[in-house]
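Below is the structure I would like to discuss, written out as structure tokens.
The values are calculated or read from the model by the stated rules, or taken from the named source; none is laboratory data. Since the structure is predicted, the reported quantities are computational estimates derived from the model, not experimental observations. Cβ placement follows ideal geometry from the backbone for every residue including glycine, while neighbour counts extend to all protein chains displayed. Ligands, DNA and RNA are excluded from the accessible area calculation, which covers all protein heavy atoms including side chains. Shrake-Rupley method; radii C 1.70, N 1.55, O 1.52, S 1.80 Å.
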Amino acid sequence: RSSDLEAMCSDVDGSFTCACNAGWTGSGVGCSNIDECGLATDNCDANAACTDNAGSFTCACLAGYTGSGVACTTVDECTRSTHNCDAHATCGNVDGSFTCACNVGFTGSGVACT
């Protein structure tokens with residue numbers, strides 16, 4: 001027997017019918033979860049992770065991105081000053097991340113410049 005979360009029971013003259021709710025599949029008497037993430041029927045952004053749950057799914061933007069999960073935009077670490085570039089380096093925003101490059105006259109990784 002399906003739970004109220006999984007199916008809807010309707011009273012009809014002398015009987016009843018069962019139908020699985022959205023996010024579930026089956027006869028209505030027995031319903032199983034639809035894995036929207038595994039079937040790629042979710043509406044998550046390309047830069048988001050989909051997590052399946054009972055009867056539905058959630059979307060969450062990946063690291064370096066911000067938004068609802070359905071729509072994600074890159075975080076500009078350079079403008080927000082959330083980068084770890086050296087004081088003698090230039091921060092460059094790239095999709096989902098950032099780069100550090102030592103300024104002219106300095107050498108190093110960009111995170112450390114001498």
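Within the chain, what percent of beta bridges assigned by DSSP are antiparallel, to the nearest 5?
Bridges in the chain that DSSP calls antiparallel: roughly 100 percent.
Separate question: Among 51, 17, 90, which one moves the most in a GNM of the chain with springs linking Cα atoms closer than 10 Å?
Among 51, 17, 90, the largest GNM mean-square fluctuation belongs to 17.
When the Karplus curve 6.51 cos²θ - 1.76 cosθ + 1.60 is applied with θ = phi - 60°, which whole-Hz ³J(HN,Hα) does each residue of segment 25-39 get, with x for Gly and Pro?
9, x, 7, x, 7, x, 10, 10, 5, 8, 8, 4, 5, x, 8
Next up: Considering the Cα positions of the chain, please state its Rg to one decimal place and its Dmax as a whole number of Å.
Radius of gyration, then largest Cα-Cα span, for the chain: 24.6, 88 Å.
How large is the accessible surface per residue of the chain, computed with a 1.4 Å probe and reported in Å² as a whole number?
On a per-residue basis, 62 Å².
Near the amide H of residue 65, under 5 Å away, which other amide H atoms are found, from residues 5 or more places off or on another chain, if H is placed in the peptide plane?
Amide H neighbours of residue 65: 75.
For 9, 37, what's the largest-to-smallest order of accessible area, 1.4 Å probe?
Final ranking, largest accessible area leading: 9, 37.
Quickly estimate the mean residue ellipticity at 222 nm for the chain, helices only: each DSSP H run with n ≥ 4 gives -39500 (n - 2.57), and the total goes over all residues, rounded to 500.
The helix contribution divided over the chain gives -1000 deg cm²/dmol.
Here is a follow-up. List, in order, the whole-Hz ³J(HN,Hα) value for each residue of segment 72-82 obtained from phi through the Karplus relation with A = 6.51, B = -1.76, C = 1.60 and θ = phi - 60°; use x for Gly and Pro.
10, 10, 5, 7, 8, 4, 5, 5, 7, 6, 9
Using a Gaussian network for the chain with springs between C-alpha atoms less than 10 Å apart, which of these wobbles most: 33, 43, 103?
Between 33, 43, 103, it is 103 that shows the largest mean-square fluctuation.
Farthest toward the dipole's positive end in the chain, which of 91, 41, 61, given Cβ charges of +1 (Lys, Arg) and -1 (Asp, Glu) about the Cα centre?
The Cα lying farthest towards the positive end belongs to 91.
Now for a separate question. When the Karplus curve 6.51 cos²θ - 1.76 cosθ + 1.60 is applied with θ = phi - 60°, which whole-Hz ³J(HN,Hα) does each residue of segment 85-93 get, with x for Gly and Pro?
Values, residue by residue: 5, 4, 4, 9, 10, 9, 8, x, 6 Hz.
Based on Cβ point charges of +1 for Lys and Arg and -1 for Asp and Glu, what charge dipole magnitude is obtained for segment 1-45 about its Cα centre, in debye rounded to the nearest 20?
Around 200 debye, computed over segment 1-45.
Same structure, new question: Sort 111, 75 from largest to smallest accessible area, using a 1.4 Å probe on the heavy atoms of the protein chains.
Highest to lowest solvent-accessible surface, that is 111, 75.
Choose one answer from 70, 12, 94: the residue with the largest mean-square fluctuation in a GNM of the chain with alpha-carbon springs under 10 Å.
Of the options given, 12 has the highest mean-square fluctuation.
Separate question: Ignoring ligands, DNA and RNA, please state the percent of accessible area on the chain from carbon and sulfur, probe 1.4 Å.
55
Same structure, new question: Compute, for the chain, the length of the dipole vector about the Cα centre, with Cβ point charges of +1 (Lys, Arg) and -1 (Asp, Glu) only. Units Debye, rounded to 20.
380
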